[in-house]
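The values are calculated or read from the model by the stated rules, or taken from the named source; none is laboratory data. Here the structure is a predicted model, which is why all the values come from computation and not from measurement. Here the Cβ positions follow ideal geometry from the backbone for every residue, glycine too, while neighbour counts run over all protein chains shown.
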Ligand code: LLP
């Protein structure tokens, strides 16, 4: 269901132009509340790193994760601090490597680091003795909504291989680093039938490692319903399984253990919409094409993973719309693969939609996660604007990039 009415969307599109990202603050706050049982909800901002949304989350008690220097600076701008807040660092840096600039920044600002390689420990230890670190463990298996979002197993580059845990601990001891906890993120859009196995692996790892810790993190990966009729994740069940694992770990260690969750898409996916305008229609043999003023430079998920997004049509003139089978494509990009109705592997499909004409709007749902944050300037298309609907505080939270800004860095 769209969190913002068609009337508001049409008004915003007229006022701010298209393509336009529109987010609903109330939906984000509702998703945060659903995870309140966890000691810490740490937002994986790669899903959406707009500073205004980060600040909204901070005000709602959420902590944040960053995966780059840019994301670190965004978090700091949004008011997060590396210091401990309510039992956990306000900001954690997670990665599988350090580039030199980021290593210097996290060492200077004392930002907790979730290390996905032993080399990160070897590089951090000498420059920042006593630094607080997590170990991101690859348990040897993973799951995801696509092969591209599976982050576990031996074909994934992510995390410290579970058999390397003793070596990682030896490096921690050698450099006097401070181990905060173990972290496991096995993929995005995970299949919950395996959750008990995942929790069991975490318990076994802690029991066997012979080293104390303060916290465990479940990682993210909570799936969201992209298609009508798909069931949302049962967050109570998810918490109960992890809480049971935490209790076993506490019994083993003899003290309380902090339980973190690190969702990205769950907090923002269904809060976000992408509004585009129909700029052309074409009949190509038996195929009807609807061409929009957006493409995979904005919403990359269909081209990248064959991801499905619900679409709806708003008539610009209020006329009643008949249904029609259409292939919905990005208009501006010179790429045959710029098709919003495709399956994984690039198989082009049609969708039964209200018949859209030039001037109508097409709205993509479930676009709040990995939408704007994955968008690019391909074909020298400027970044689209972002708007937040939040009662009387509704406002533009990112203005549209200009073409002059787009070419400025090359004017040496
Ligand atoms: N924690 C870590 C260490 C991660 O690598 C990720 C996602 C998350 C948390 C958050 O996962 P989420 O809760 O959002 O599923 N671009 C893809 C998703 C890539 C996710 C990468 N890592 C997509 O559009 O589906």
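Within region 340-356, the set of residues being modelled with pLDDT of 95 or more and touching a helix residue (DSSP H, G or I) at 6+ places or on another chain (Cβ under 7 Å) comprises 340, 342. Given the criteria more than 19 Å from residue 168 (Cβ to Cβ) and within 13 Å of the ligand (Cβ to nearest atom), does residue 110 qualify? So residue 110 fails the test.
For region 1-45, residues that are out of contact with any strand residue (DSSP E or B) (no Cβ under 8 Å at 6 or more places or on another chain) and not in a helix (DSSP H, G or I) total 4.
Per the listing 246, 279, the residue uniquely in a strand (DSSP E or B) and in contact (Cβ under 8 Å) with a residue 24 or more places away in the chain is 279. Of the set (1) away from the ligand (no atom under 15 Å from the Cβ); (2) more than 20 Å from residue 207 (Cα to Cα); (3) assigned to a loop (DSSP other than H, G, I, E, B); (4) within 27 Å of the chain's Cα centre (by Cα), all apply to residue 157 but (1). Scanning region 366-391 for residues that are within 16 Å of the ligand (Cβ to nearest atom), surrounded by fewer than 22 Cβ atoms within 10 Å (Cβ to Cβ) and in a loop (DSSP other than H, G, I, E, B) yields 375, 376. If you check residue 333 against the conditions, is it surrounded by 15 or more Cβ atoms within 10 Å (Cβ to Cβ), more than 23 Å from the chain's Cα centre (by Cα) and assigned to a loop (DSSP other than H, G, I, E, B)? Criteria met by residue 333. The set of residues in region 107-127 that are touching a helix residue (DSSP H, G or I) at 6+ places or on another chain (Cβ under 8 Å), part of a helix (DSSP H, G or I) and closer than 16 Å to residue 179 by Cβ comprises 118, 121, 122, 124, 125. Contact map, region 162-191: first residue closer than 25 Å to residue 44 by Cα, second residue in a helix (DSSP H, G or I) and at pLDDT below 95, Cβ cut-off under 7 Å, separation 6 or more or different chains; pairs are 184/198; 186/198; 187/149; 188/149; 189/149.
From the set of residues in region 133-154 that are in a strand (DSSP E or B) and modelled with pLDDT of 90 or more, which is farthest from the ligand (Cβ to nearest atom)?
My answer is 133.
Taking the residues in region 168-200 that are within 16 Å of the ligand (Cβ to nearest atom) and at pLDDT 95 or above as candidates, determine which candidate is farthest from the chain's Cα centre (by Cα).
The residue in question is 180.
Residue count for region 54-75, restricted to those that are more than 14 Å from the ligand (Cβ to nearest atom) and either assigned to a strand (DSSP E or B) or within 26 Å of residue 96 (Cα to Cα) (or both): 8.
So that you can scan it fast, the table gives a plain yes or no per residue for (1) under 30 Å from residue 144 (Cα atoms); (2) more than 12 Å from the ligand (Cβ to nearest atom); (3) touching a helix residue (DSSP H, G or I) at 6+ places or on another chain (Cβ under 9 Å):
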position	(1), (2), (3)
241	yes, yes, yes
267	yes, no, yes
283	no, yes, no
317	no, yes, no
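The residues in region 205-237 that are in a helix (DSSP H, G or I), out of contact with any strand residue (DSSP E or B) (no Cβ under 8 Å at 6 or more places or on another chain) and surrounded by 18 or more Cβ atoms within 10 Å (Cβ to Cβ) can be counted, and the count is 1. For region 306-328, filtering for residues that are closer than 22 Å to residue 368 by Cβ and touching a strand residue (DSSP E or B) at 6+ places or on another chain (Cβ under 6 Å) leaves 7. Residue count for region 290-311, restricted to those that are more than 10 Å from the ligand (Cβ to nearest atom) and part of a loop (DSSP other than H, G, I, E, B): 10.
Taking each residue of region 285-311 that is at positive phi and looking for partners that are within 12 Å of the ligand (Cβ to nearest atom) with beta-carbon atoms closer than 8 Å, six or more apart or interchain, yields 306/146; 306/344. Residue 134 passes every criterion in (1) more than 28 Å from the chain's Cα centre (by Cα); (2) buried (at least 22 other Cβ atoms within 10 Å of the Cβ) apart from (1).
The condition of being more than 16 Å from the ligand (Cβ to nearest atom), under 26 Å from residue 160 (Cα atoms) and crowded, with 20+ Cβ neighbours inside 10 Å holds for only one of 91, 124, that being 124.
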